[in-house]
Amino acid sequence: MSSPAPQAQGLFDCRDAYVKTLEALGADDDRIVAVVNDSVGSSKLGGFRDKFPTRLINVGIAEQNMVGVGAGLANGGKIAFVSGASCFLTGRSLEQVKADCAYSQANVKLCGISSGVAYGELGPTHHSIEDVAWLRTMGDITVLVPADPWETEQAIRAAAAMDGPVFVRISRMGVPALPRPADAVFEIGKAEVLHQGNDAAIIANGTVVCRALEAAAELAAQGINARVINMASMSPIDEAAILEAAKTGAIVTAEEHSVRGGLGSAVAEIVSQNTPCRMKILGFAGFQPTGSAEFLMERAGLSASNIAASVRALVQG
Amino acid sequence: MSDAQERPSTSLAERAAPLAERAAPLAERAAHVRDMARWVRRRALRMVFEARQGHPGGDLSATDVLATLYFDAMRYDPANPRLPTRDRFILSKGHATGALYSTLAKAGYFPEEQLSTYMQPLSALNGHPNRNKIPGVETNTGPLGHGLPVAVGIAIAGQIDAADYRVFVITGDGELQEGSNWEAAMTAGHRKLSNLTLIVDRNRLQQGASTEDTVALDPLDAKWRAFGWDVVEVDGHDIEALLPLLDGSISRDRPLCIIANTVKGKGVSYMENKASWHHGVPNAEQFEQAMKELEA
C-alpha cells in the first residue's frame, strides 16, 4: 500500500479491532475458533494463533474447503470465524456460503478482510466490490459492514452472540474513530443516525461513513442540513430509517462497493416501492483500474466534497 | 412403523458399548442390515414411483452402505437428533434422497407416512435434504463437492474436543470430479483425521456416461493414498465386508476412504448399470416388476 500507516494520521485499521475482539472472545469461550486460508498474516491472526494454537485452523489456499470446514466446525459445536480476503472468501466460495452456511443456517461467522478496493493496486481480481450484493440476495445470512474500530468490535461481538450465519465486511483502509455518545449501542438491523438534518439524507456504510460526516459538515456551513445515516447492517436492513430518510426528499448513498446490488440498490428497493424520492447512488461503476485505494475512492466520487456536491445537486436540482 | 422389533436399537449407551460386548455374531448383524436394506430399497423406489421423479439408480447403489451405517455401525438417538455426542452422517451425493429419507424414517427420525410427501408442494422432503426441516440431516447438500469439506470441519471439531464421535460421508464417484473434494482430502490427510470415514459410492456411472469415459478417476485408490488416507476397496453390497470397516472395530491413525464398488440401480434388473436410470422413473409395469425383484 502506498498510503502512510493509518495510525500515523489518527486513523485505524479495523482488522486490529477484529482480532483484538476475537482474542478477547476466545479467552472467555473455548468454542471460538478461527479458520484461515493461509491468511494468518493478512487477517492479523498471529496473536490468536499464539494464544490458542489448537483453535486456529489453517486449511491452506483452499477457500471452498475453508467455508465448508467452517460449517462443519459449527456442526461440531464451535463458533467458527472464517477469515480471508473478502474477494476470495465470498467469490471463490459463493456456493459454499449459500448452501453450507446460509441455506443450512450454520452458525458460521465469515469475516471478509481487506474488502472493497483496499487492495487497490492489485487490480479487480483482488478488489471485493461485489461481496455485499452477492450475499445480501441470499437473505438468510446477516451482512454487517462496520465503519470504524468500535463498530467492528460490536459487529464481531454481535456475530458471536447470535446463532446463525453472519458475514462481517472488514476494511483495512484507515478510518477515524467516529464521534458517538458514550451510551451508543450497536444493534443488528438498526441504522445509526450520526448527524441530524432534514434537508437531505446521506446513507453510507464502512469506510465511507467518515466521508459522509465530513460532507455533512461542509453542507451545514452552506446552510444545508443533511442527515447522516450509518447503515452497517445491510441484511437485515433498517427499512424504517430509510423511509424516514426518504421524507427529506433527497437521498445520497455512498459505499465502497459496486453501484449494482449494494447499499444504494437496497435503499432504492425500499424507497421506490414506498415513498419515492430523488436519489444519487455513489460507488464503483464496475471493474476498477489499478491505483491506490484512496485514488480509486476519489476517482469514483467517494470523497467528502463529491458527496456534498451530490447532495447539493439533489437539493437544489 | 409397523413392527417395532425390526427397528434398530438406538440407545447411545448401548451403541457406545465396546464392540466385543456386542452379542450378535457378524452373520446375524448382517442379516438384520440386509432386512433393513431390502425395506429401504422398496420404499425408496415407491417414493420415486409416486413422486414421478427422483434418482433411483443412485438410491439403489448407496442403500447397502446407508443401511450398514444406520442399522448397525452408527451411534445416534432419533429422539435427540442434535445430541453433541452423536456420530454424524452426510450424504454428499444429495440427490439420493429416496434412500436417505427411507433410511431416516426407518431409523425413527420421522414417521414413515411422511415419505409419501416426497417432493410434493411444500413438503419437508425436498429433492435434496434440508437440515432445518428434516431431523437427522447434518448439512444441506445437493450441489456436489460440499459434503466432504463439512465432514472435515466436524472431524476437526471432534479432534479439538477429543470427542469419540465419528464422521461418515458418502460421495458419488463422479462427484469426485469436483475440486473441493481434493481440497478437503488434503486437509484431512494433513491433520490425520482418524475419526473421518469417506465412502465413495463407486458405481462407475455419472449422469450421462461412465466416469472413466467422462473424466477418468482411476487409479482412485492411489489418489486417496497419495493424499494421506487409508484406502480399502470393497464390494459395496457385501454387508459382512462393510460391517467391520464401518463399526469402528479397527482403530486408525488417519482418515479412511472406502471405495465401495457398487452397481447403479442395484437389485432391479433393468436398471442395473444403466446411466439412463440416474433419474429415470419406472412406469406401473416396471414398478411392479422392480418390487417383485426387490423382495428377494
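The values are calculated or read from the model by the stated rules, or taken from the named source; none is laboratory data. Please read these numbers as outputs of a predicted model, since none were measured by experiment. Using ideal geometry, Cβ is built from the backbone for each residue, glycine included, and neighbour counts are taken over all protein chains shown.
Among what's in the stretch A:103-129 and is under 21 Å from B:I90 (Cβ atoms) and touching a helix residue (DSSP H, G or I) at 6+ places or on another chain (Cβ under 8 Å), pick the residue that is farthest from the other protein chains (Cβ to nearest Cβ).
That would be A:L110.
Of all helices (runs of 4 or more DSSP H) completely enclosed by the stretch B:166-280, which ones contain at least 1 residues that are of a type in the set (A, V, I, L, M)?
Hits in the stretch B:166-280: B:179-190, B:220-226, B:239-246.
Limited to the stretch A:37-69, what total is found for residues that are under 22 Å from A:P146 (Cα atoms) and either among the aromatic types (F, W, Y) or within 12 Å of chain B (Cβ to nearest Cβ) (or both)?
Of the residues in that region, 2 qualify.
Within the stretch A:197-208, does at least one residue satisfy the condition of being surrounded by fewer than 24 Cβ atoms within 10 Å (Cβ to Cβ) and in contact with an Asp or Glu (Cβ under 9 Å, 6 or more places away or on another chain)? Spell out how you get there, then give the answer.
Taking the stretch A:197-208 first, the residues surrounded by fewer than 24 Cβ atoms within 10 Å (Cβ to Cβ) are A:197-199.
Restricting the remaining residues to those that are in contact with an Asp or Glu (Cβ under 9 Å, 6 or more places away or on another chain) gives none.
No, there is no match, as no residue in the stretch A:197-208 is surrounded by fewer than 24 Cβ atoms within 10 Å (Cβ to Cβ) and in contact with an Asp or Glu (Cβ under 9 Å, 6 or more places away or on another chain).
Pick out, from the stretch A:245-317, the helices (runs of 4 or more DSSP H) lying fully within it that include 2 or more residues that are of a type in the set (D, E, K, R) and at negative phi.
Qualifying helices (runs of 4 or more DSSP H): A:293-299.
Please find, among A:R136, A:R172, the residue that is under 16 Å from the mean Cα position of the chain (by Cα), at pLDDT below 95 and either of a type in the set (D, E, K, R) or buried (at least 24 other Cβ atoms within 10 Å of the Cβ) (or both).
Being under 16 Å from the mean Cα position of the chain (by Cα), at pLDDT below 95 and either of a type in the set (D, E, K, R) or buried (at least 24 other Cβ atoms within 10 Å of the Cβ) (or both) holds for just one of A:R136, A:R172, which is A:R172.
Before we move on, is B:A188 over 24 Å from B:A96 (Cα atoms), in contact (Cβ under 8 Å) with a residue 40 or more places away in the chain and touching a helix residue (DSSP H, G or I) at 6+ places or on another chain (Cβ under 6 Å)?
Criteria met by B:A188.
From the list A:A74, A:A80, exactly one residue is within 8 Å of chain B (Cβ to nearest Cβ) and closer than 27 Å to A:A147 by Cα. Which is it?
Sole residue among the options that is within 8 Å of chain B (Cβ to nearest Cβ) and closer than 27 Å to A:A147 by Cα: A:A80.
Just to check your reading of the model, which residue among A:V209, A:V228 is under 18 Å from the mean Cα position of the chain (by Cα), outside the structural domain of A:R157 (by TED's automatic domain parsing) and not in a helix (DSSP H, G or I)?
Of the residues listed, the single one that is under 18 Å from the mean Cα position of the chain (by Cα), outside the structural domain of A:R157 (by TED's automatic domain parsing) and not in a helix (DSSP H, G or I) is A:V228.
Quick test for you: out of A:V40, A:V33, pick the one residue that is in contact (Cβ under 8 Å) with a residue 12 or more places away in the chain, over 20 Å from A:D131 (Cβ atoms), assigned to a loop (DSSP other than H, G, I, E, B) and assigned by TED's automatic domain parsing to the domain that holds A:D131.
Numbers: A:V33 fails: assigned to a loop (DSSP other than H, G, I, E, B).
None of the other options fit; the residue is A:V40.
Exactly one condition in (1) in a strand (DSSP E or B); (2) more than 21 Å from the chain's Cα centre (by Cα) is not met by A:L219; state its number.
Every listed condition holds for A:L219 apart from (1).
Return the pair list, or none, for Cβ contacts closer than 8 Å from residues in the stretch A:123-137 that are more than 13 Å from A:P289 (Cα to Cα) and assigned by TED's automatic domain parsing to the domain that holds A:G206 to residues that are assigned to a helix (DSSP H, G or I) and acidic (D, E), at least 6 apart or on different chains.
That search, which allows pairs on different chains as well, returns nothing.
Let's see how each residue does on (1) away from every other protein chain (no Cβ under 14 Å); (2) surrounded by fewer than 16 Cβ atoms within 10 Å (Cβ to Cβ):
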| residue | (1), (2) |
| --- | --- |
| B:I154 | no, no |
| B:D173 | yes, no |
| B:M186 | no, no |
| B:H190 | no, yes |
| B:T197 | yes, no |
| B:R202 | yes, no |
| B:Q206 | yes, no |
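If you scan the stretch B:210-222, which residues turn out to be in contact (Cβ under 8 Å) with a residue 40 or more places away in the chain and within 18 Å of B:L196 (Cβ to Cβ)?
Matches in the stretch B:210-222: B:L220 only.
Being touching a strand residue (DSSP E or B) at 6+ places or on another chain (Cβ under 7 Å) and within 8 Å of chain A (Cβ to nearest Cβ) is the filter here, so list the residues in the stretch B:98-151 that pass it.
Correct list: B:E138, B:T139, B:T141, B:L148, B:V150, B:A151.
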